[in-house]
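Reviewing the structure listed below.
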Amino acid sequence: MSHQKQGNVLGGAVILANDILSVTNPDLNVDLIVYKKEKIMSELPEHINFVSWSKLANRTKKRNFLGMLPKNLYHDIPCYTIDVQAYHKIIYYPYFTALFLLKNCNAQIYTIGMDSGPMIYLRGFVRHRNLITRAFCLYGFMQALAIDKKAAGVSEKVFTVGKADAEFYRAVYLADAKYIPHPITPLIDGYSPIEWNKGEKLRLCFPGGLTRYYASGLMDDLIRLFIKRSEELKNKIQISFLGKIRYKQLKNKMDHLSSLGVMIEYTEFAEDFEEYLSKQHLILLPLVNGGGTKNKTLSSLGMGLDMIGTSIAMENVYGVRKEHVAETAEDFMRLIDLRINQHKLYGLKEEEIQRLKSYHSVNHWRKYFWNEIQ
């Protein structure tokens, strides 16, 4: 497992792992081993023991050719062997089953999967026009297939946070795969969305992750529409952008929009991601390719924030309304206009939030994951 940081807040993979670990039975003896990390940058339940990677892993061979290729999924991980003689059950998260050599393994193996690698790359291959990007997607698709195949082959059961992922495992690899909804992190507890007062500009928020690969095309088209209507919109909206703008074409468009009088606020890191979200009116996720957005989507909807995203951004999320989903830049603009003209936000109501939280409950992982592998 790897983790990344955004301000003081850990990335989605670690948030999900911590939430899953938080509902373990305290009587279980559970070790947590994090790839290439000597310490973990988050609080763990008292009964979870952190074990240093270096105590178990050793390099068994030099880097191979595949490991030196740019953006290679494998990196240098196949160079390591892990001695797992002391373990009765091993849980891989996410999808690392194919990447490590295990020594003295008599354990049952399980895999927790997040976003389906093959489907992400396949979508990228279909949706992107750039030939180099499409070639990379095809390369990534073949590698991701190999990872999934190995995971399915060695795992007693695969647990996924996507319905299509579980169906993919069952149909393609005849694996025993189970869908468990991605939980809403308790990090949102205590936060409420700000009011949108009369005469106040609508705060539109792009909460990061909008790289050329994930949002190119749709994001560019949306900003182009903002530019076209800048004279009208500059007194009605302001834009918050979290993270770095990853490609020059988009940065140039954003600079042009700013020069036309539309207020744009850039925040490279959010010290508290959930607090940052709570100060926005409308979250926008114009993704053409999915991956790594569930915490953004669920945290926003779970706090009662309004949101517009593609069906990919909203995939496997309970309680989404038609006012939350847009597939084209024109669809996004129409739904933004709807809110401006009505001066109304479409955040979920309290009873809808409770149903959302019930469906995306971390306690499901106690019932449908921990209880099953004991």
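Fewest-first ordering of W365, W196 by other beta carbons within 10 Å of each residue's beta carbon gives W196, W365. Distance from the C-alpha centroid of region 326-350 to that of region 106-176: 34 Å, rounded to the whole angstrom. Under the criterion of Cα pairs below 8 Å and six or more residues apart, the relative contact order for the chain equals 15 percent. Summarising the amide proton neighbourhood of I90: residues at separation of 5 or more, or on other chains, whose placed amide H is nearer than 5 Å comprise Q108, I109, Y110.
Take the Cα radius of gyration of region 187-355 and divide it by 2.2 N^0.38 Å, with N its residue count; two decimals is plenty.
Values: Rg = 14.8 Å, N = 169, 2.2 N^0.38 = 15.5 Å.
Compactness ratio reported: 0.96.
In this structure the amide hydrogen of Y80, modeled in the peptide plane, comes within under 5 Å of the amide hydrogens of T60, L101, none closer than 5 places in sequence on its chain. Once backbone amide H atoms are built at 1.01 Å from N, L285 has I308, G309, T310 as its partners under 5 Å, excluding neighbours fewer than 5 places away on the same chain. By the equivalent-ellipsoid construction on the alpha carbon gyration tensor, region 199-283 comes out with semi-axes of 19, 18, 10 Å, ordered largest to smallest.
Each of F125, F226 was scored by other Cβ atoms within 10 Å of its Cβ. Arranged with the fewest first, they read F125, F226.
The long axis of helix 350-359 is offset from the longest Cα principal axis of the chain by roughly 20 degrees.
Read-outs: derived from the displayed coordinates by stated rules, not from any lab. Keep in mind that what you see is a predicted model, and the values were worked out from it rather than measured. Please note: Cβ atoms are built from the backbone with ideal geometry, for glycine as well, and neighbour counts cover all protein chains shown.
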